[in-house]
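The values are calculated or read from the model by the stated rules, or taken from the named source; none is laboratory data. Given the structure is predicted, the values throughout are model-derived calculations rather than measurements. Cβ sites come from the backbone with ideal geometry, for glycine too, and all protein chains shown count toward neighbours. Keep in mind that these areas ignore ligands, DNA and RNA; they rest on the heavy atoms of the full protein, side chains included. Shrake-Rupley method; radii C 1.70, N 1.55, O 1.52, S 1.80 Å.
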Amino acid sequence: TFEPADLVMLEDYFDREVTLGYPTQIRAVIVEPLIEMMSAMEAAGLRPFIISGYRSYAQQVIAREKWLRDAPERVNILTAPPCHSEQQLVTTVDFGSPELPDIVGQPDIEFHTYFYQTSEGLWLAENAHRYGFTLSYPRAAQEVTGFFYEPWHYRYVGTEMATQLREMGLSLTEFQLASQPEPCIP
């Protein structure tokens, strides 16, 4: 039932074109770097939007149940169980691109691994670390993270750590496993 005390609504900081009208929340600590990054993307002529931020325990249960119904054989690489999702940390943002439907050939698509081919996906891969964001689930780290490649899913870790991870070519999970004691896995 934990919910961070410093949750803010993205609609208080971004236009509807960015939030798509979704009632998305994030922690106040990432508002400024997110605004700076989104402004830089827009200045580069891009039109990024934010599909998802904070996901409560109950919302994660619903997301998990959807994938259990739709893809039970792949559920564990598509979504985390409640209490194990980065979305519950409230420092994670899922980005979207207006180019994705044309690339995939599906007008209502929001998430697809082809996000990495969009202008917004390419920009994020090259620049997100400058604003403190790191890609949580890179393609090369699937065996370590346990999750399918999600080129839209970025976590705020601060500029220093994000830059260090980029320079080392590691995901945060890979870095933690290499430099910290192994986590307790239930």
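Odds and ends about this structure:
- Relative contact order of the chain, defined on C-alpha pairs under 8 angstrom at six or more residues apart (%): 18
- Additional length obtainable on full extension of the chain from residue 168 to residue 180, 0.36 nm per residue less Cα span: 2.7 nm
- Extension gain from residue 61 to residue 84, taking 0.36 nm per residue of separation minus the Cα-Cα distance: 7.2 nm
- For the range 88-105, the Karplus equation 6.51 cos²θ - 1.76 cosθ + 1.60, evaluated at θ = phi - 60°, returns couplings of 6, 6, 6, 10, 10, 10, 9, 9, x, 9, x, 7, 4, x, 5, 5, 7, x Hz by residue, with Gly and Pro reported as x.
- Per residue, in Å², the accessible surface of the chain once ligands and nucleic acids are set aside, probe 1.4 Å: 55
- Using a probe radius of 1.4 angstrom, the carbon and sulfur fraction of the accessible surface of the range 78-186 is 53%.
- Fully extended contour minus Cα-Cα distance, from residue 109 to residue 126, at 0.36 nm per residue: 3.8 nm
- Placing a label point 7 Å from the Cα of residue 15 along the Cα-to-Cβ direction, the residues of the range 78-95 with a backbone N closer than 20 Å are 95.
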